[in-house]
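Inspection log for the structure reproduced underneath, given as structure tokens.
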Amino acid sequence: MSANNLAATAAGAETIADGVDEEVVASNQRVFTGTLGLTMAALCVFYTAFHIGVMNGIHDRISDLFGLPSIDLTEPWRYRLLHVGGGLFLGFILYAARPLPDDAAARRLSPAELLLDIVAAVLVIGAGAQLVAMWVTGGLVATGAPADTYLYTFAYPLAAGTALALVSAWIAPRRNRDVLSWADVLLALSAAIVAAYIISHADFLRMRAQVFPHANDMWASITGIALILELTRRLAGMALVMIVAVFIAYGFLGPWLPGVLFHNGYAPARFFAFIYTDNGILGPTTAISSTYIILFIAFAAFLQASRVGEYFVNFAFAAAGSQRGGPAKVAVFASGLMGMINGTSAGNVVATGSLTIPLMKKVGYQPRTAASVEAAASTGGQIMPPIMGAGAFIMAEVTGIPYQDIAIAALIPAILYFVSILFMVDKEALKLGMKGLPRNELPSLPLMMRRIFLFIPILILIGALFMGYSVIRAGTLAMGAAAVVSWFTPQKMLLKEILWGLEIAARMALQMVAVCAAAGIIVGVIALTGVGTRFSSLLLDLAGQSQLIAMVFAMLVAIILGMGMPTTAAYAVAAAVIAPGLIRMGVDPLTAHFFIFYYAVISAITPPVALAAYAGAAIAQSDPMRTSVESFKFGLAAFVVPFMFFYSSEMLMQGAWLDILHVFVSALFGIYMMASAVQGWMWGRLNPVLRVVTLVGALGMIAGGWMSDLVGLVIAVIVIGIQRGLLNARNVTRCAD
């Protein structure tokens, strides 16, 4: 934060968080201006509005009003194909294959590059023309056509043209952000052709995908999969792409693999056509991304467009900024709230960390500590109800458990996680003798309280869910409320701002579209080969009759899968592979899925690949690996909490209220003791022996039993008594010295 900004906040200033709600521009994101910019903005607005309209049945009302023929856009295949195809189309236009420097020198394409684009254009456009001809002549009928029909005029040109366009996009010279790449235009057109072909051919493909699909279906599916993986690479990195590639290779290498990995193999036509059905790409992951996820991304975009997100951060600074280590406590509150809404750990670190990390450094936190606190808090946002990022929606879809029940079950574990981080940062501040920010550099709390009505959208969302409204209706009401409450602030959301919110929602959603589709490929391979069932059997054999050993295996697999992968994809894959085995061992389905979900989330702060910690380290200018280790320390409670609700189902709000209250209070005190042991400070500095003793007491309080609670409580009293000089600790301290 600059000196000018700090001066502007003096004497009860209104804001300290200017810019928190500004859109973060990725290194490879294009930013168009002029007519092209307006065109892309209109396409983004249409993409978001289309989803919201279909989910709420608005398109049917419009058809009835104007007497137009009604098209069933809610039919799952058609709707999901439009979702994926539209996302791919926008993604290739808006995001380049490589980073785009702002000052790149314009360079004309070489003759070889120009020829490559021309050949690719002829092939892709020719395939599109053949598709139109097939529509006109009735070639796409449910009875199908001979397998080799249209291969040389549609399937081969489409696949070859897409491959050439991919090569051209990779080798093309880097241009300025406002320059359109013709290779990427061809990839966008190819994505539209694939979606149109499968939509037209959906009924036939649905019947034949698991039997003898046509070669056209195979090549269209291969092209679509290649486009999904390329956009995933551009938006989420190579980790998920490599994992998907391994699973695709497994689909063909199974006959030569030993033991649990063996399968008889599949013909390419059947394999790829099966992947592009509701058993794979169009399955649960895309079902969720095309409904709940995009709806709540639009909600987050409306909060961003109305600058309500800035209010959340300002409110946190006004309430806690002056306390010891205040900016760190603000980061815990604000990042948790923002992370709950936007559902991406690393993205939330970049958005709120750009403000909180410099302020944490200002009051005395080391750079890696500041980055670690921000990473841990931003990651925890995805386990904070009611929105919980995106994974909770997939959990509801996979398990059949109502989303409201999942949100309720998540409440106590989320509270414990964030309270533990607060304890950690407070004790860090105590050890280092930190102060908070001066009150005259913070927003005025009375002024913030006068705008507390800006929390109404969140309250409406929670209230609508518990009143029995569907998730879609509750999200839509909350999104409308975000616009309405802004009318009572200087940042009113009128038509221009609403369109802006719809536009940025589309751009924010593109990563989730690609990631969920890529995760669907893995789910499809697991479903086709049956490796999930065999892996579950292997898990049962390795664990024997021990649920604890099985849970440890599940933890390791979920963390490994989550390294470098977005949470949504990591959870979807881990749930498909691990959850069935845990459930067969007698673990409650809700507990099993929550267990996997937690470790998929906290993989973002788990060394050696901790994306959220790396994002924070980039802002704080600290060592990424040391930052990831420290973020692991700050998020340590998240590694313990899943085992807590494994042993005590009351942690997930299951059981009598008295039992739930007992488990919550004892766990809360146990988390305090754990933070004290990790930081080496309770009622003063703890020597090594007392730290170990305190940790033992913490584990006793966390276990949830009355006897273990008593042991933990006795240990806490003894440690506090020693620190306060009420007991003779000479022998203990002598051992420590």
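When each of Pro589, Pro608 is tested for being of a type outside the set (Asp, Glu), at pLDDT 85 or above and open to solvent by 30 Å² or more (accessible area, probe 1.4 Å), the lone residue that passes is Pro589. If I filter segment 4-38 down to residues being touching a Phe, Trp or Tyr at 6+ places or on another chain (Cβ under 8 Å) and modelled with pLDDT of 70 or more, which single residue comes out as surrounded by the most Cβ atoms within 10 Å (Cβ to Cβ)? Checked segment 4-38; the qualifying residue surrounded by the most Cβ atoms within 10 Å (Cβ to Cβ) is Arg30. When each of Ser603, Ser676, Ser648 is tested for being hydroxyl-bearing (Ser, Thr, Tyr) and within 20 Å of the chain's Cα centre (by Cα), the lone residue that passes is Ser603. Report yes if some residue within segment 526-547 is open to solvent by 10 Å² or more (accessible area, probe 1.4 Å), within 30 Å of Ile225 (Cα to Cα) and within 21 Å of the chain's Cα centre (by Cα); otherwise report no. Taking every residue of segment 526-547 in turn, none turns out to be open to solvent by 10 Å² or more (accessible area, probe 1.4 Å), within 30 Å of Ile225 (Cα to Cα) and within 21 Å of the chain's Cα centre (by Cα). When residues in segment 114-125 are screened for being under 9 Å from Phe154 (Cα atoms) and open to solvent by 30 Å² or more (accessible area, probe 1.4 Å), 1 of them pass. All of (1) open to solvent by less than 10 Å² (accessible area, probe 1.4 Å); (2) farther than 12 Å from Ala371 by Cα; (3) not β-branched (Val, Ile, Thr) hold for Phe634 with one exception: (2).
Given segment 236-346, what helices (runs of 4 or more DSSP H) lie entirely inside it while holding 2 or more residues that are over 29 Å from Gly436 (Cβ atoms)?
238-253, 268-275, 284-288, 294-305
Scanning segment 420-449 for residues that are at pLDDT 85 or above and open to solvent by 50 Å² or more (accessible area, probe 1.4 Å) turns up Leu422, Phe423, Met449.
Considering only residues that are open to solvent by less than 60 Å² (accessible area, probe 1.4 Å) and of a type outside the set (A, V, I, L, M), look in segment 496-514 and name the one that is nearest to Thr285 (Cα to Cα). That would be Gln511.
Of the numbered criteria (1) in a helix (DSSP H, G or I); (2) more than 27 Å from Ala407 (Cβ to Cβ); (3) of a type in the set (S, T, N, Q), the one Gln545 fails is (1). Checking the stated criteria, Thr232 turns out not to satisfy the condition of being touching a helix residue (DSSP H, G or I) at 6+ places or on another chain (Cβ under 9 Å) and either surrounded by fewer than 18 Cβ atoms within 10 Å (Cβ to Cβ) or outside any helix (DSSP H, G or I) (or both).
Out of Ile462, Ile412, Ile472, one residue alone is assigned to a helix (DSSP H, G or I), closer than 30 Å to Gly680 by Cβ and either open to solvent by 20 Å² or more (accessible area, probe 1.4 Å) or at pLDDT 85 or above (or both). It is Ile412. As for segment 368-390, it holds at least one residue that is touching a residue at least 40 places away in the same chain (Cβ under 8 Å), in contact with a Cys (Cβ under 9 Å, 6 or more places away or on another chain), closer than 20 Å to Ala575 by Cβ and not in a helix (DSSP H, G or I). Restricting segment 552-586 to residues that are in a helix (DSSP H, G or I), within 18 Å of Ala518 (Cβ to Cβ) and of a type outside the set (Gly, Ala, Ser), the residue that is most open to solvent (accessible area, probe 1.4 Å) is Ile560.
The values are calculated or read from the model by the stated rules, or taken from the named source; none is laboratory data. Being a predicted model, the structure only gives us computed values, none of them experimental. All Cβ positions, even for glycine, are placed from backbone atoms using ideal geometry, and neighbour counts span all protein chains on display. Keep in mind that these areas ignore ligands, DNA and RNA; they rest on the heavy atoms of the full protein, side chains included. Shrake-Rupley method; radii C 1.70, N 1.55, O 1.52, S 1.80 Å.
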